[in-house]
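**Q** Structure below; questions to follow.
The values are calculated or read from the model by the stated rules, or taken from the named source; none is laboratory data. Predicted model, so just to flag it, every value in this text is computed and none were measured. All Cβ positions, glycine included, derive from the backbone under ideal geometry; neighbour counts span all protein chains shown.
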Number of protein chains: 2
Amino acid sequence: MSTSPSLERTSGDTRDRILDIALELFTVKGYEKTSLREIAERLGFSKAAIYYHFKSKEDILFALHMRLHAFGLGALDGPLSTNNSPTEWTAFLYQLIDQVLEHRALFILHERNRAALDALHNERHGAEHDDLEARLQAAFSDQKVKLEDRVRMASAFGAILGGLVLVGNVFADTSSDDLRAQFRMIVNDIMRTGA
Amino acid sequence: MSTSPSLERTSGDTRDRILDIALELFTVKGYEKTSLREIAERLGFSKAAIYYHFKSKEDILFALHMRLHAFGLGALDGPLSTNNSPTEWTAFLYQLIDQVLEHRALFILHERNRAALDALHNERHGAEHDDLEARLQAAFSDQKVKLEDRVRMASAFGAILGGLVLVGNVFADTSSDDLRAQFRMIVNDIMRTGA
DNA sequence: GTCTATATAGGGATAGAC
DNA sequence: GTCTATCCCTATATAGAC
């Protein structure tokens, strides 16, 4: 299978440039407040040209969502598949740390446009992605697991997202290796799994 | 001093009802995707009536922001004022837990509309609120504090927000008292302050 | 693949009656 | 305090030329 992100591929090059600019603008200004005219302007061509590459504005957002889904969350499928013990959950969170560090911009986009992305998700629920977020919610809600453990799972998850995404660009001066080590330590402290 | 949230008070009653509906719709649909017509419809009157109570749509969002600012974040001023040692930071986070538990809906609104709220903030930077978020960023970025401690501060902050807000309505069946106890424990584990 | 021009719709906001 | 009617603007999206 090829790597076509969501729809039939056309030019490839300018398509990706559109996505890069959209990623930036959607993140700083928000999805709705960003107009296609603005994106086009930044790329040096006109608004209508975008419609050659994407059939709608929403499709641009969807493609960005799929970027994360493809090379981001795919790696998380394994660790989350089984019923989670604390050690398995820790393994999952280790992966999450790596993914966030590698695709931070995409995570920030998602964090800052949750309403728009939820709408997307509701409209296309028949589609190919069976949703990591639902699986997370299920894990946190699983009544077979005792409350303390569920809170620890959710908190450790939140510590990573909160510390690396919610909080903005603090730690920009710190290397990914250092951050990975630090956040693994935190995860261990929360999950009370040995270092 | 009276309790006027942001502008001159007029009716009070319907003003608050507008805010309640707006809080709900802004949260589930997002600020931009919610129209004033929709808010008015839910209240049984017409769009124009809203303009008697608020001078603009943005002002509704601002009033909701001020709600949190007033009876939410006011309580956090004390613990954050001094230069933070781990124990002081823990005290601050204890307060934060209480605030989130008490005003969860407002926190979720903020989490789901960060772009719109940032725009608000940029436009009104001359105004009365000298911004908790900037102080947080400053604390996390303070180069006088060693990296590990800053990561712990940010992570503990993220654990609370992530575990109670980001993650949605899991734990809705759990009492606030239980949650408070659980999250205090987590904070202690992350900050390595004694139980 | 990109352009100009245009169709169409919806939203925020105001005026003025009641 | 709430209404109807309207203004105005911006945005997405399409048609068709180049």
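**Q** Of the conditions (1) assigned to a loop (DSSP other than H, G, I, E, B); (2) touching a Leu at 6+ places or on another chain (Cβ under 9 Å), B:Gly158 satisfies every one except a single condition; which number is it?
**A** Every condition holds for B:Gly158 apart from (1).
**Q** Further question on the same structure: Working carefully through the options B:Leu96, B:Leu120, B:Leu132, B:Leu106, find the one that is of a type outside the set (D, E, K, R), farther than 21 Å from A:Gly158 by Cα and away from every other protein chain (no Cβ under 11 Å).
**A** Result: B:Leu120 is the single residue among B:Leu96, B:Leu120, B:Leu132, B:Leu106 that is of a type outside the set (D, E, K, R), farther than 21 Å from A:Gly158 by Cα and away from every other protein chain (no Cβ under 11 Å).
**Q** Let me confirm something: among B:Leu80, B:Leu68, which residue is away from DNA strand C (no atom under 16 Å from the Cβ), within 18 Å of B:Gly30 (Cβ to Cβ) and assigned to a helix (DSSP H, G or I)?
**A** B:Leu68
**Q** Something else: How many residues, within the stretch A:43-60, are within 15 Å of A:Arg124 (Cβ to Cβ) and assigned to a helix (DSSP H, G or I)?
**A** 4
**Q** Quick one: which of B:Ala63, B:Ala22, B:Ala40 is hydrophobic (A, V, I, L, M, F, W, C), part of a helix (DSSP H, G or I) and within 11 Å of DNA strand D (Cβ to nearest atom)?
**A** Exactly one of B:Ala63, B:Ala22, B:Ala40 is hydrophobic (A, V, I, L, M, F, W, C), part of a helix (DSSP H, G or I) and within 11 Å of DNA strand D (Cβ to nearest atom), namely B:Ala40.
**Q** Then there is this: All but one of (1) within 29 Å of A:Glu32 (Cα to Cα); (2) surrounded by fewer than 17 Cβ atoms within 10 Å (Cβ to Cβ) hold for A:Glu88; state the number of the condition that does not hold.
**A** (1)
**Q** A follow-up question, please. Residue pairs, Cβ under 7 Å, 6 or more apart or interchain, first in the stretch A:26-49 and within 14 Å of chain B (Cβ to nearest Cβ) and within 17 Å of A:Leu109 (Cα to Cα), second more than 11 Å from DNA strand D (Cβ to nearest atom) and of a type in the set (D, E, K, R). List them.
**A** From the stretch A:26-49, the pairs are A:Thr27/A:Arg112; A:Gly30/A:Arg112; A:Glu32/B:Lys33.
**Q** Still on this structure, please answer the following. Are any residues in the stretch A:25-37 closer than 17 Å to B:Asn122 by Cβ and either near DNA strand C (Cβ under 10 Å from one of its atoms) or not in a helix (DSSP H, G or I) (or both), and if so, which ones?
**A** A:Gly30, A:Glu32, A:Lys33, A:Thr34
**Q** Related question: So, of the residues in the stretch A:144-195 that are aliphatic (A, V, I, L, M), more than 21 Å from A:Pro86 (Cα to Cα) and more than 7 Å from chain B (Cβ to nearest Cβ), which turns out to be surrounded by the most Cβ atoms within 10 Å (Cβ to Cβ)?
**A** A:Leu164
**Q** Any residue at all in the stretch A:100-113 that's surrounded by 15 or more Cβ atoms within 10 Å (Cβ to Cβ), more than 12 Å from the chain's Cα centre (by Cα) and modelled with pLDDT of 90 or more?
**A** no
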